[in-house]
Each structure stands twice: as C-alpha cells, then as structure tokens.
Amino acid sequence: MQSASGHRTKNPLVLLFVSIAGALLNMLIQYFSRGWLGIPLFLDTVLTMTVTFYGGVFWGALTGALTNLIEQSLPFYGWLPYLFVLCNIAVALVTALFIRWFPQELSINYTEKQLSKSHGKSLWQSQWLQDLMGRAIVLVLLSFALCLVISILGGFFAVIIGHFSPSLTTASVSPEQNFALALERRHLSAIIVSIGSRIPMNLLDRLISSFAGYGLAVLLAWGSRKLGKRNLQRSFP
C-alpha cells in the first residue's frame with residue numbers, strides 16, 4: 001500500500017529514523033498535553049498518522065507500536081497494558097485505508113493545477129477552495145472512523161485489563177473516567193461504559209490528530225523535496 005506521497009522508494013533507514021523519532025514525539029506530545037497543560041486527551045497518535053501519510057502503513061504501524069511499547073515499559077505495570085499497542089497500530093491501518101480510498105484528497109505532495117489565463121484568477125481560487133474543502137472533509141471523515149475504531153478497541157481492552165488486573169484500572173487516571181462515571185450511574189454494562197466513555201474524548205482527540213498529523217506530513221514532504229533539490233544541485237553544479 002502506498003503512502004499519501006505516492007512514492008515507494010524512500011530510504012528505509014530514513015523511514016526507520018522517522019518512525020523512532022515519531023514514537024518519541026508521540027510520547028512527548030502526550031506528556032506535554034496531559035502532564036503540563038492538563039488537557040484530558042491522549043494525543044498519542046499524531047505522529048503515527050504523520051508517518052503513515054509520509055512513509056506508508058508499515059512505518060506508521062511501527063511508529064504506533066513503538067509508542068505504546070516504550071510507554072507501557074516505562075514504568076512496567078504488567079503485560080496486559082501492551083494490548084493498547086493494537087490501538088495505535090489500528091490508527092495506521094485505518095489511515096492507510098483512507099489514503100487508498102481518497103488518494104487525491106490525502107496526497108501530501110500538493111501541486112497546483114495548471115489553468116490557462118483565459119480561465120481567470122477567480123476560477124483558480126474556486127479550484128483551490130474546492131481542493132481545500134475536499135481535504136478537510138476527508139480528514140473529518142477519517143477522524144470519525146478513528147474515533148469509532150479506537151473507542152471500541154480501547155474499551156474492549158480496558159474491560160479485559162480490568163477483569164484480570166483490577167488494580168491497574170483503579171490506580172490509573174485516564175481522560176475517559178469522567179464520562180464513565182456518568183454512564184455507570186445508568187447501570188449499563190461494563191463494555192458499553194468502557195466504549196461509550198471514550199467516544200466524546202476521541203471525537204476531539206482524533207479530529208486534532210488527523211489534521212495535525214496530515215499537516216506535519218505535508219511539512220515533512222515539503223522539507224524532503226527541498227533537501228533533495230539542494231543535494232541534486234550540489235551533485236550537478
């Protein structure tokens with residue numbers, strides 16, 4: 001499966017470095033947003049999406065897996081929390097699926113469409129606005145899909161962890177707990193509470209992550225092209 005850039009020939013060593021750096025940045029963003037700013041969101045998949053847009057599903061999934069593997073190992077609370085690795089991998093898979101469905105809207109190599117002078121500036125502006133709106137609409141749809149998938153997976157894994165290791169769920173403080181308390185008062189089943197409490201949080205979380213991840217991928221692709229042109233000019237003065 002191709003990346004949003006449409007290229008398959010990127011240097012694997014570069015992509016490995018980008019994946020490792022992306023995993024560390026995922027953790028840094030989460031620590032900064034939750035630990036310093038007190039924002040009740042995870043925001044731990046922004047760079048997972050960035051790397052998926054830039055390098056493809058494999059490197060995006062690797063970024064997501066490394067994020068949770070490192071996070072759950074420092075400190076180590078047991079093996080069950082590693083289930084959440086699958087949530088971050090799922091982000092890369094869903095993102096890659098949308099890239100395949102909407103290759104033009106999710107392309108990170110933006111090229112202006114050539115319009116003759118007879119069409120006028122207003123038509124160019126209209127085309128530019130249509131492209132922008134198309135990208136925004138697809139990113140919103142992507143965020144909704146991610147919200148649903150991650151809420152279901154995360155809720156299901158949380159119930160499993162709570163069943164086998166109740167001490168882990170009582171000791172941890174997660175953003176969805178405020179919503180969970182409201183649902184628990186309605187005497188709903190544990191799986192519905194666990195999934196439902198994640199949906200409001202994930203709606204905003206995935207919306208921010210989708211737009212931020214795509215924007216960073218566009219900047220990364222732009223920087224790569226600029227660097228490639230400089231190296232080419234040095235090789236052929």
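Before moving on, here are some points about what is shown:
- Taking H163, H187 and ordering them by how much accessible surface each has at a 1.4 Å probe, largest first, produces H187, H163.
- In this structure segment 1-99 gives 47 Å² per residue of accessible area when probed at 1.4 Å with all protein chains present.
- Judged by the ratio a/c of the largest to the smallest principal axis of the C-alpha gyration tensor, segment 7-46 counts as prolate, that ratio being 1.5 or greater while a/b is larger than b/c.
- Length released on extending from F156 to V14, taking residue separation times 0.36 nm less the Cα-Cα span: 47.6 nm
The values are calculated or read from the model by the stated rules, or taken from the named source; none is laboratory data. On a predicted model such as this, the values are computed, not experimentally measured, just so you know. Quick note on the areas: whole protein, heavy atoms, side chains included, nothing else; ligands and nucleic acids left out. Shrake-Rupley method; radii C 1.70, N 1.55, O 1.52, S 1.80 Å.
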